[in-house]
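Participant: Have a look at this one.
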Amino acid sequence: MGKKIVKDEFMDKLVSLCKRRGFIFQSSEIYGGINACWDYGPLGAELKRNIKDFWWREMVHKRDDIEGLDAAILMHPQVWHTSGHVSEFSDPLVDCKKCKSRYRADELDGPTCPNCGGELTDPRRFNLMFKTFMGPVEDDASIVYLRPETAQGIYVNFLNVQGPSRQKVPFGIAQIGKAFRNEITPGNFIFRTREFEQMEMQFFIHPSEDEKWFEYWKAQRWQFYLDLGIRPEKLRWHEHGPGELAHYAKAAFDIEYEFSFGWKELEGIHNRTDFDLSRHMATSGKDLRYWDEATKEKFIPYIIETSAGCDRTLLTCLVDAYYEEEVKGEQRVGLRLSPKIAPFKAAIFPLVKKDGMPEVAQRLYNDLRRRFKVFYDEGGAVGRRYRRMDEIGTPYCFTVDGQTLQDETVTLRDRDSMEQTRHKIAEIPDLLEKKIGW
Ligand code: GAP
């Protein structure tokens, strides 16, 4: 028997919430969509941006030993020959001879088609890189690749970054950007897509220190997900065995999350040794060795890579935050997103649309929006407005009521505890910043 295709009700509900509230839509939907490509709507774009900002703050701004980079997606095609991607970056593809379904051979549990039980072809290697042409002539000489990982842009710029930034090994280079893979079996919403964003960091070290730095980055990256509020019991490590290791890696550990469709990789931490720099040095003829002034030693650094998927992190945050509850016979859905990444940090409501309350609420809104993405709403019952904010993960709501007009205080309603407390309007911006925990 092949692998069973089961209906995933949890994911169906999440996809529907994402569409309904403007997080994520199918790409080119009015034309029937395009497989494994997704568009981020107003709330999704905010959420994604917040995740990238959080990563950048943790990996670049808060550290003295990591520099940022934004390399081009299109690179010299030789990069991908040298890196091994042209020859090695492939998956084993099989077809069902009866129903023509396609599978990755390494994902099948049995020798027959999971869809119809038909006979499968022998596996053949399928390269995952998208190709296009540079310039007006479409011939072999003009082939360029859409990068399948952002990492290579970092390796070829190693000395370009190291020189001007005056960094000394050990140090890292971080980059966030799009990557493209012509996946054979994309799916599970935004989990595996053909166009996605990576948040990668390459840490250049002395070869003798690789184990120490590997352990260090494993711990740092694990903590990142805890800081994002992901439940620790939903995370685990997966060590790559010899058969699983990518062509460039000496050691690799994945951080996995338990989705409704199983334990799956979120991020890989890899010891890439001097594989990439050595190969680029050999084919480009450029000396990419590092000169250590202190020890008078010239060496090719080893690289510890941390490679996370932005879209996958976003999916994890949504999955982990999603809850349903029944209150007085009414089904409620909400997202307990970390305030650090929630699309709106707070909502501001006047209790009623009269007695000067909207004016006071508008003033608070205008004051807050200079520092935070916040939402103003004056329509309908306040309970319903709270509920709408719970559904999109807004952690705090401030309500201007009758008492506000007397003592300049507003209520703060906490999404998770549902507790309400009163605070001086003047103190709200700093209080909100403290609560977000940036
Ligand atoms: N530079 C190393 C590298 O690219 P990888 O394990 O192939 O390693 C790293 O990818 C991360 O990129 C994965 O852990 C995942 O989060 C994300 N990723 C990879 N392929 C993806 C896809 N098709 N769709 C969404 N995210 C993907």
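The values are calculated or read from the model by the stated rules, or taken from the named source; none is laboratory data. Computed from a prediction, not measured in an experiment: that's the story for all the values here. Cβ placement follows ideal geometry from the backbone for every residue including glycine, while neighbour counts extend to all protein chains displayed.
Participant: Filter the range 184-196 for residues that are more than 8 Å from the ligand (Cβ to nearest atom) and among the aromatic types (F, W, Y) and give the result.
Facilitator: Passing the criteria: only F189.
Participant: Scanning the range 97-131 for residues that are touching a residue at least 40 places away in the same chain (Cβ under 8 Å) and part of a strand (DSSP E or B), which turns out nearest to the ligand (Cβ to nearest atom)?
Facilitator: So, considering only residues that are touching a residue at least 40 places away in the same chain (Cβ under 8 Å) and part of a strand (DSSP E or B), the one nearest to the ligand (Cβ to nearest atom) is R104.
Participant: If you don't mind, there's one more thing I want to ask. Out of (1) at pLDDT 95 or above; (2) touching a strand residue (DSSP E or B) at 6+ places or on another chain (Cβ under 7 Å), the odd one out for S83 is which?
Facilitator: Going through (1) at pLDDT 95 or above; (2) touching a strand residue (DSSP E or B) at 6+ places or on another chain (Cβ under 7 Å) one by one, S83 breaks only (2).
Participant: Kindly establish whether F224 is touching a residue at least 24 places away in the same chain (Cβ under 8 Å) and out of contact with any strand residue (DSSP E or B) (no Cβ under 7 Å at 6 or more places or on another chain). Outline the logic, then answer.
Facilitator: On the way: touching a residue at least 24 places away in the same chain (Cβ under 8 Å): yes; out of contact with any strand residue (DSSP E or B) (no Cβ under 7 Å at 6 or more places or on another chain): yes.
Criteria met by F224.
Participant: Looking only at residues in the range 178-219 that are surrounded by fewer than 16 Cβ atoms within 10 Å (Cβ to Cβ) and small (G, A, S), which one is farthest from the chain's Cα centre (by Cα)?
Facilitator: Per the stated criteria, the residue is S208.
Participant: Could you pull out the residue among Y145, Y225, Y216 that is touching a His at 6+ places or on another chain (Cβ under 8 Å) and either among the hydroxyl-bearing types (S, T, Y) or within 16 Å of the ligand (Cβ to nearest atom) (or both)? Walk me through how you get there before you give the answer.
Facilitator: Values: Y225 fails: touching a His at 6+ places or on another chain (Cβ under 8 Å); Y216 fails: touching a His at 6+ places or on another chain (Cβ under 8 Å).
Unique residue meeting the criteria: Y145.
Participant: Which of the following residues is among the β-branched types (V, I, T), in a strand (DSSP E or B) and in contact (Cβ under 8 Å) with a residue 24 or more places away in the chain: I190, I176? Break it down stepwise before answering.
Facilitator: On the way: I190 fails: in a strand (DSSP E or B).
Answer to the check: I176.
Participant: Out of K234, K250, K218, K212, report the one residue that is over 20 Å from I303 (Cβ atoms) and out of contact with any helix residue (DSSP H, G or I) (no Cβ under 6 Å at 6 or more places or on another chain).
Facilitator: Working: K250 fails: over 20 Å from I303 (Cβ atoms); K218 fails: over 20 Å from I303 (Cβ atoms); K212 fails: over 20 Å from I303 (Cβ atoms).
Criteria check complete, one pass: K234.
Participant: Those residues that are buried (at least 17 other Cβ atoms within 10 Å of the Cβ) and outside any strand (DSSP E or B), I need them from the range 132-151; list them, please.
Facilitator: R147, P148, E149, T150, A151
Participant: Could you list, in sequence order, the residues of the range 169-183 that are touching a Phe, Trp or Tyr at 6+ places or on another chain (Cβ under 8 Å) and more than 10 Å from the ligand (Cβ to nearest atom)?
Facilitator: If we filter the range 169-183 for residues that are touching a Phe, Trp or Tyr at 6+ places or on another chain (Cβ under 8 Å), which is where we start, we get 169-174, 176, 178-182.
V169, P170, F171, G172, I173, A174, I176, K178, listed by residue number.
Participant: May I ask you to list the residues in the range 92-111 that are touching a Leu at 6+ places or on another chain (Cβ under 8 Å) and more than 20 Å from P186 (Cα to Cα)?
Facilitator: K97, P111
Participant: Out of all the residues in the range 26-82, which are loosely packed, with under 13 Cβ neighbours inside 10 Å, among the hydroxyl-bearing types (S, T, Y) and assigned to a helix (DSSP H, G or I)?
Facilitator: Within the range 26-82, just Y31 meets the criteria.
Participant: Of the conditions (1) surrounded by 19 or more Cβ atoms within 10 Å (Cβ to Cβ); (2) away from the ligand (no atom under 16 Å from the Cβ), Q331 fails just one. Which one is it?
Facilitator: Of everything listed in (1) surrounded by 19 or more Cβ atoms within 10 Å (Cβ to Cβ); (2) away from the ligand (no atom under 16 Å from the Cβ), Q331 misses just condition (1).
Participant: Show the residue pairs that are 6+ apart or on different chains and have beta-carbon atoms under 7 Å apart, the first residue being within the range 283-304 and farther than 30 Å from R221 by Cβ, the second being at pLDDT 95 or above and exposed (fewer than 11 other Cβ atoms within 10 Å of the Cβ).
Facilitator: Every condition considered, no pair remains.
Let's see how each residue does on (1) in contact (Cβ under 8 Å) with a residue 60 or more places away in the chain; (2) touching a His at 6+ places or on another chain (Cβ under 6 Å); (3) in a loop (DSSP other than H, G, I, E, B); (4) surrounded by fewer than 16 Cβ atoms within 10 Å (Cβ to Cβ):
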position	(1), (2), (3), (4)
I341	yes, no, yes, no
V352	no, no, yes, yes
D355	no, no, yes, yes
Q362	no, no, no, yes
E378	no, no, yes, no
T394	no, no, yes, no
L405	no, no, no, yes
L412	no, yes, no, no
D416	yes, no, yes, yes
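Participant: So, I154, is that one within 16 Å of the ligand (Cβ to nearest atom), modelled with pLDDT of 95 or more, outside any strand (DSSP E or B) and under 30 Å from P92 (Cβ atoms) or not? Break it down stepwise before answering.
Facilitator: Values: within 16 Å of the ligand (Cβ to nearest atom): yes; modelled with pLDDT of 95 or more: yes; outside any strand (DSSP E or B): yes; under 30 Å from P92 (Cβ atoms): yes.
In short, yes.
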